[in-house]
């Protein structure tokens, strides 16, 4: 019998239960995947606490994994048995040693990319892809601001945007994280705990403001992020680790310079299989070229999921983290 992490109610880390789990056989359109690595992401915390509802309870959280297809159901053409695959997105259920998943959500994993690396980059990397190629087309000469620049998405955005010719400003919480962000292409790490990051951003841009702000923090940074933008700049708010953003008076956007605000999700940007494949292929290409490096900075046994969530919420992690189902 294999194992998985289930939650029967929402709440703190105590609701995460490591227990025996039988995934069953794949049904029509499904594949059975033996995980070799599973991603750890802040959206998993949102699901655990109930901020983002799961489809039902009890349920197995987890939005990202990599492994090998061991069986396919009737009508499956996207993948085949023995194939190395990876995925990110709905439906949740990755916190398991073995799971079934709709085959159309799987992408073939190049041999050059290890399972652990894939599980650390699919959700965060495809998120980075839609941020800098979908929400706003980052190009040479742009200046961007990325919050949590030493985090999983942040380190990828810094590298990718720098590769595209942008100047990168990033907020971080410690000198150590500033060095990590700098090593990943961030031109101007800013310590948000000890510096006025709005003033620093304005100073770096000679008072103009940045072209785009990527904000996964939410409540604590939203208003100030608007103040960092140039006229007709764009704020992309793609997370809320500090809490939900209050209702917005749209007149404020006009008053601050005819600004744009968007609240995207990876699930929308990759809802169609063709779009999913484009995001994955673009990500694989920049990783295989060396333009973007994926460093797995933390690894936890999946059975030790409580500690993993505690570290993630306590800001004890940096870069990407993975869960090892058999470790």
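Numbers for the structure displayed
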{"quantity": "Cα-projected label distance for residue 248 with residue 271, points at 7 Å along beta-carbon direction, nm", "calculated": "2.0"}
{"quantity": "Cα-based helix-to-principal-axis angle, 115-130 vs the chain, degrees rounded to 10", "calculated": "40"}
{"quantity": "Within a Gaussian network of the chain (alpha carbon springs, distance under 10 Å), most fluctuating of 127, 140, 270", "calculated": "140"}
{"quantity": "Ranked list, fewest to most other Cβ atoms within 10 Å of each Cβ, for 104, 188, 279", "calculated": "104, 188, 279"}
{"quantity": "Neighbour-count ranking [beta-carbon atoms within 10 angstrom, fewest first] of 160, 59", "calculated": "59, 160"}
{"quantity": "For the chain: relative contact order, % (alpha-carbon pairs under 8 angstrom, 6 or more apart)", "calculated": "17"}
{"quantity": "Gyration tensor verdict on region 223-323 (Cα atoms; rounded if a/c is under 1.5, prolate if a/b is larger than b/c, oblate otherwise)", "calculated": "oblate"}
{"quantity": "The chain - mean residue ellipticity at 222 nm from DSSP helices (-39,500 (n - 2.57) per run, n ≥ 4, rounded to 500)", "calculated": "-8500 deg cm²/dmol"}
{"quantity": "Within a Gaussian network of the chain (alpha carbon springs, distance under 10 Å), most fluctuating of 253, 312, 266", "calculated": "253"}
{"quantity": "Cα centroid of region 248-310 to Cα centroid of region 182-230, whole Å", "calculated": "19"}
{"quantity": "Net lengthening on full extension, residue 56/residue 179 (0.36 nm per residue, minus Cα-Cα)", "calculated": "40.1 nm"}
{"quantity": "Isotropic mean projected area of the C-alpha convex hull, region 140-263 (nm²)", "calculated": "6.8"}
{"quantity": "Matching label, mean projected area of the Cα convex hull in nm² computed from the structure shown, candidates [x] 19.2; [y] 15.9; [z] 17.4", "calculated": "[y]"}
{"quantity": "Of 85, 168, 15, the one that fluctuates the most in a GNM where the chain has Cα springs shorter than 10 Å", "calculated": "15"}
{"quantity": "Extended-chain gain in nm, criterion 0.36 nm per residue less alpha-carbon gap, residue 297 and residue 74", "calculated": "76.4 nm"}
{"quantity": "Rg and Dmax of region 38-193, Cα atoms only, in Å", "calculated": "17.6, 55"}
{"quantity": "Share, in percent, of DSSP beta bridges within the chain that are antiparallel, nearest 5", "calculated": "55"}
{"quantity": "Spacing of the two label points (7 Å from each Cα toward its C-beta) at residue 18 and residue 195, in nm", "calculated": "4.0"}
{"quantity": "Proxy reagent accessibility, fewest Cβ within 10 Å first, across 245, 144, 156", "calculated": "245, 144, 156"}
{"quantity": "The chain: angle of helix 152-163 to the longest principal axis, Cα-based, in degrees nearest 10", "calculated": "60"}
{"quantity": "Residue 49 versus residue 220: modelled label distance in nm, points set 7 Å from Cα along the beta carbon direction", "calculated": "1.1"}
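FYI, it's all coordinate maths here, none of it is from the lab. Worth saying up front: this structure is predicted, and the values here are computed from it rather than measured. Note: ideal-geometry Cβ built from the backbone for every residue, glycine included; neighbour counts use all protein chains shown.
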